[in-house]
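The values are calculated or read from the model by the stated rules, or taken from the named source; none is laboratory data. Computed from a prediction, not measured in an experiment: that's the story for all the values here. Note that we place each Cβ from the backbone using ideal geometry, even for glycine, and neighbour counts take in every protein chain shown. We work out accessible area using only protein heavy atoms, side chains counted, and drop any ligands, DNA or RNA first. Shrake-Rupley method; radii C 1.70, N 1.55, O 1.52, S 1.80 Å.
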Amino acid sequence: MKIDESLKKEINEEMEKIQVPSSMYEFAKNIKEESEKRTDIKKSTVRKRGWRKSQFAVAAVISLGVLTGSAFLNPTMAEVVSKIPYLGQIFQKPIPEIIWGVLEKEGYKTAGIGMGIWEGKPQFDIQLQGTEEYVNQERKKVLTILTETLDKKGYDNYELKVSDVKEVSPVLAEIIKQRGELGDKLMRDLQVAGYTIMNVIAYSPVVEVYIPIADENMKVEIYKAAIEILEKNGTPKQVQVITRDVSEEEIEIMWKPLMLSIEEEFFLKKEYRVADIKYSYKLEKVTITIRTNMKSTDVKSNETVTKIRKRITEFLDSEEVKIRTENQKYELIVQDKNGIDFPF
C-alpha cells in the first residue's frame with residue numbers, strides 16, 4: 001500500500017503527540033513475548049521455557065486498540081489460566097472466556113473484551129461487531145445478559161460498557177504495521193550484530209530496546225548501534241535502552257497467570273474491599289501486596305483480612321500451584337487504605 005508522503009508525515013506527527021497509556025505498551029510487549037520463543041537469550045542466563053502463541057489475544061489487540069485503564073486481565077493470560085487445573089476448581093473458567101461464550105451463544109459476534117481498573121473500579125468494555133445503530137439497539141439486552149452472568153458467579157463490583165468497533169483508518173493501520181515491522185527489524189539487526197536483545201517496542205515516540213541486566217555495561221554501545229541502524233534504514237528515532245533481570249522476568253511469566261486469577265476473584269467482589277494489588281518478583285521470594293479501601297479501625301477489617309489471607313494461601317499452597325511455581329517462596333502483605341500493613 002503506497003501512502004502519500006505529505007499525509008504520512010502529518011499522521012506521523014500527530015501520532016508522536018499521542019500519550020499512550022503505559023498499560024498498552026506492557027500489554028503489547030506481553031503479547032509479543034507470549035508468542036515468541038526466547039532463542040535470543042543466552043542459554044546460561046535463562047531456563048528453557050516455551051512461549052505460548054495466542055490468536056485470541058492478537059485478535060483482541062487488533063480490535064480493542066488501547067485498553068481502558070490499567071489492564072488487570074487480558075485474553076492471553078485468560079487462555080493460559082484456563083489450562084491450570086486448580087484454578088479451574090477455585091475460580092472456574094476465566095471471566096473473558098465466559099463473557100465471550102455467553103454472547104456467542106446468544107448470537108452476538110464479539111470483536112473484543114477490554115478489562116481494567118477505571119477510577120478505582122473494575123470495568124468491562126465489550127465491543128460488538130455490527131453498525132453503531134445495531135449496537136445501540138442491542139445494548140440494553142447485552143447488558144442484562146452479562147449482568148445476570150456475572151451475578152451468578154458472585155461478582156458484584158464492576159461496570160459494563162458495550163460499544164461498537166471503531167475501525168482504524170487504512171493509513172493509520174499501515175503506519176502501525178510499519179512500526180511493528182521496524183521493531184522486529186531493529187531487534188534482528190542488533191542480534192546479528194552480536195548483542196543479546198530481549199525485546200524491541202517501536203510503537204511509542206521513543207523506541208524501547210530491552211536487554212538483560214547482565215549486559216548493563218553495554219547500554220551505551222547498544223544505544224549507539226540502534227541509532228546507527230535506524231538512521232541507515234531512513235527511520236531516525238529516539239532510543240531508550242532498558243535493562244531487565246532475565247531470572248526475575250522468567251519468574252513473573254511463571255506467576256502471572258496465577259496473579260491474574262487472583263485479581264479476577266478479589267477485584268470483582270465487594271466483600272474483599274480490594275483497591276489495588278501489586279507484585280514484586282524476586283529470586284528469593286515473590287511478594288503480593290494487597291491494598292484495601294478499609295481503615296485499620298473498621299469493625300470488620302480483621303474478619304475481611306483473615307478471609308483474604310485464607311483464600312489466597314489455600315490457593316498458593318495447593319500442590320498443583322506449588323508444582324507450577326516450582327515451590328518458590330512467597331510473601332503476602334495486606335494493607336489498609338493508607339498503605340499501612342495489617343498485623344499478620
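Here are a few things to note about the model shown:
- Extension gain (nm, one decimal) between K269 and Q129, 0.36 nm per residue minus Cα-Cα: 47.5 nm
- Rounded to the nearest 20, the size of the Cβ-charge dipole of segment 216-267 about its Cα centre is 480 debye, with Lys and Arg at +1 and Asp and Glu at -1.
- Kirkwood-Stokes translational diffusion coefficient of segment 219-327, alpha-carbon pairs, 25 °C, 0.890 mPa s, µm²/s: 142 µm²/s
- Legend: calculated FRET efficiency, Y223 to D341, from the Cβ-Cβ distance at R0 = 45 Å, rounded to 0.05, equals 0.65.
- Counted residue by residue at 0.36 nm each, then reduced by the alpha carbon distance between them, the extension gain from V206 to E148 reaches 16.5 nm.
- Projected label distance in nm at N233 and K141, using a 7 Å step from Cα toward the beta-carbon: 4.8 nm
- Overall form of segment 181-222 per C-alpha gyration tensor (a/c, 1.5; a/b vs b/c): oblate
- Applying the criteria of a DSSP loop state and at most 14 other Cβ atoms within 10 Å to the chymotrypsin sites (Phe, Trp or Tyr not before Pro) of segment 236-268 yields no site.
- Taking Cα centre as origin and charging only the Cβ of basic (Lys, Arg, +1) and acidic (Asp, Glu, -1) residues, the dipole magnitude of segment 157-315 rounds to 660 debye.
- Solvent-accessible area, 1.4 Å probe, carbon plus sulfur percent, for segment 169-323: 51 percent
- In this structure, N302 and D156 have a Cβ-Cβ separation that, at R0 = 22 Å, corresponds to a calculated FRET efficiency of about 0.50.
- Rounded to the nearest 20 debye, the dipole size of segment 100-174 about its Cα centre is 240 debye, using +1 on the Cβ of Lys and Arg and -1 on the Cβ of Asp and Glu.
- Computed from the Cβ-Cβ distance with R0 of 35 Å, the FRET efficiency linking W118 to E216 stands at 0.45.
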